[in-house]
Amino acid sequence: MTKTVNHWIGGKTAEGASGTYGPVTDPATGEVTTQVAFATVGEVDAAVAAAKDAFATWRHSSLAQRTTILFQFRALLDEHRDEIAALITAEHGKVHSDALGEVARGLEIVDLACGITVQLKGELSTQVATGVDVAAIRQPLGVVAGITPFNFPAMVPMWMFPLAIACGNTFVLKPSEKDPSVSLKIAELLAEAGLPDGVFNVVHGDKVAVDRLLEHPDVRAVSFVGSTPIARYIHTTASAHGKRVQALGGAKNHMLVLPDADLDAAADAAVSAAYGSAGERCMAISAVVAVGAIGDELVDKIRERAEKIKIGPGTDPTSEMGPLITAAHRDKVASYVSGAAAEGAEVVLDGTGYTVEGYEDGHWIGISLLDKVPVTAKAYQDEIFGPVLTVLRVDTYDDGVALINASPFGNGTAIFTRDGGAARRFQLEVEAGMVGVNVPIPVPVGYHSFGGWKDSLFGDHHIYGNDGTHFYTRGKVVTTRWPDPADAPAGVDLGFPRNH
């Protein structure tokens, strides 16, 4: 019998009322295992109303109460991390080790939220004028929403809601309809940790649910992670309705390899960064830029390593890469490889047509490696979001930086070199929000903020870290003057010695 995933509103499961459901498949088998209820406008309104009602009291909760609940949630999350990872594998398809890594990275932000007392400290200036003090404080916004992608169904929501609720807001999550079960497990753990009803809510669905959240007058802010076209739409629409927005978009992350680099280390990094999680991550390295005469040797080393990657179901502990999320996405990724040669690229490895014995109906694709790719090729210009690595050749460091900076994306980038001076120049000259030096995937730790430049981010705030705290709060400055008690009117005894 097909499992049904429903909404979570006001601290309990709310069965879908629309009669509309979306299919959720096991990517390894292609079998529909679950159906997810799609919310109506009325159901979204009910979730927002529950969050608004809860905000009236949650905003006044003490920092001690909030952090106590978050510490308990963290303990439960740690206790259930294998169960959550199994849900990710069942609906997303990534191998268990990748799924566990996702949970671990989400836990980093929960750790940050547990220490929110430090982040929310204000400022005080005394005696700015005679008897006058000025204080700066930060207060919660109200109801905030998160719209999250399929590729990290646990981690990306945890980039948002722990900080939001720690700051005193209430939260409505609209997760991807492709792998929704993790969001319900998180809701249950939050409730078990003691989070009051209505502080965290989940509505599933499609554009109907998204648009209602973007338009709803009681939603104060929207956080989003996904593709660039949708990020731009989210930012434009929510901003037009007066909301604060952080919308993280797509990427085309480049790895610049200089002639002095350790090519074995660079090849190892390129393979793990390009093909890990089947390339379905916005911080994947999808373009290696080889400088000078090292290109042939580097490509050979990448190919040797890529050919050894074991592809199979995520439930097999020997699998190093799983299937893609849907058959349609698999076919789209394959089309970039099939059309590469006609656009001037050299196809070194072709992963199209790959299947796994016993799982022939799964959403499989093998490893693809494209060399000498022109910048005009679709495989270079588009975010493929799959296990396809493109290699471009340039003559000099300056040519490589110019190529990277010409990209409309500016999410993450990396340089591989032994030269500290070259690395320092790269850090300052490259136009991207996150830079790695001999680190292929420079995702910041939880107490630094994550975010790109150019078409990879819409809005003024990066996500989590200090930017996350600032996004989920607004500043207020209070100027105070109290009369000296020694100057109290005659006849009023404050027990304070009078001036003579």
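The values are calculated or read from the model by the stated rules, or taken from the named source; none is laboratory data. Computed from a prediction, not measured in an experiment: that's the story for all the values here. Every residue, glycine among them, receives a Cβ derived from its backbone with ideal geometry; neighbour counts consider all protein chains shown. In case anyone asks, the SASA skips ligands and DNA or RNA and just uses the protein heavy atoms, side chains included. Shrake-Rupley method; radii C 1.70, N 1.55, O 1.52, S 1.80 Å.
Given the criteria out of contact with any helix residue (DSSP H, G or I) (no Cβ under 6 Å at 6 or more places or on another chain), on the phi > 0 side of the Ramachandran plot and either surrounded by fewer than 18 Cβ atoms within 10 Å (Cβ to Cβ) or in a helix (DSSP H, G or I) (or both), does Q127 qualify? When the stated conditions are applied, Q127 passes them. Does I84 fit the bill of being under 19 Å from V118 (Cβ atoms), touching a residue at least 24 places away in the same chain (Cβ under 8 Å), among the β-branched types (V, I, T) and open to solvent by less than 60 Å² (accessible area, probe 1.4 Å)? Against the criterion (under 19 Å from V118 (Cβ atoms), touching a residue at least 24 places away in the same chain (Cβ under 8 Å), among the β-branched types (V, I, T) and open to solvent by less than 60 Å² (accessible area, probe 1.4 Å)), I84 does not qualify. Screening T413 on (1) among the polar types (S, T, N, Q); (2) open to solvent by 30 Å² or more (accessible area, probe 1.4 Å); (3) touching a residue at least 60 places away in the same chain (Cβ under 8 Å) shows it passes everything except condition (2). T469 satisfies every condition listed in (1) in a helix (DSSP H, G or I); (2) of a type in the set (V, I, T); (3) under 21 Å from S227 (Cα atoms) except (3).
Restrict the check to region 307-330 and report whether at least one residue is closer than 30 Å to G421 by Cα and part of a loop (DSSP other than H, G, I, E, B). Give the derivation first.
Of the residues in region 307-330, the ones closer than 30 Å to G421 by Cα are none.
Scanning region 307-330, I find no residue that is closer than 30 Å to G421 by Cα and part of a loop (DSSP other than H, G, I, E, B), so the answer is no.
Quick check: anything in region 420-437 under 21 Å from R303 (Cβ atoms) and either surrounded by 24 or more Cβ atoms within 10 Å (Cβ to Cβ) or in contact (Cβ under 8 Å) with a residue 12 or more places away in the chain (or both)? The answer is no; no qualifying residue exists. In the condition set (1) in a helix (DSSP H, G or I); (2) touching a helix residue (DSSP H, G or I) at 6+ places or on another chain (Cβ under 7 Å); (3) closer than 30 Å to V356 by Cα, V24 is compliant with all but (1).
Among the residues of region 158-185, the one identified as under 11 Å from N201 (Cα atoms), in a helix (DSSP H, G or I) and in contact with a helix residue (DSSP H, G or I) (Cβ under 7 Å, 6 or more places away or on another chain) is S183.
Within the span defined as region 472-483, one or more residues are under 21 Å from the mean Cα position of the chain (by Cα) and crowded, with 19+ Cβ neighbours inside 10 Å.
Count of region 352-386 residues, restricted to those that are within 17 Å of S335 (Cα to Cα) and open to solvent by less than 70 Å² (accessible area, probe 1.4 Å), is 20. Yes or no: region 230-239 includes at least one residue that is at pLDDT 95 or above and touching an Asp or Glu at 6+ places or on another chain (Cβ under 7 Å). No, region 230-239 contains no residue that is at pLDDT 95 or above and touching an Asp or Glu at 6+ places or on another chain (Cβ under 7 Å). The single condition from (1) charged (D, E, K, R); (2) closer than 28 Å to G93 by Cα; (3) open to solvent by 10 Å² or more (accessible area, probe 1.4 Å) that D197 fails is (2).
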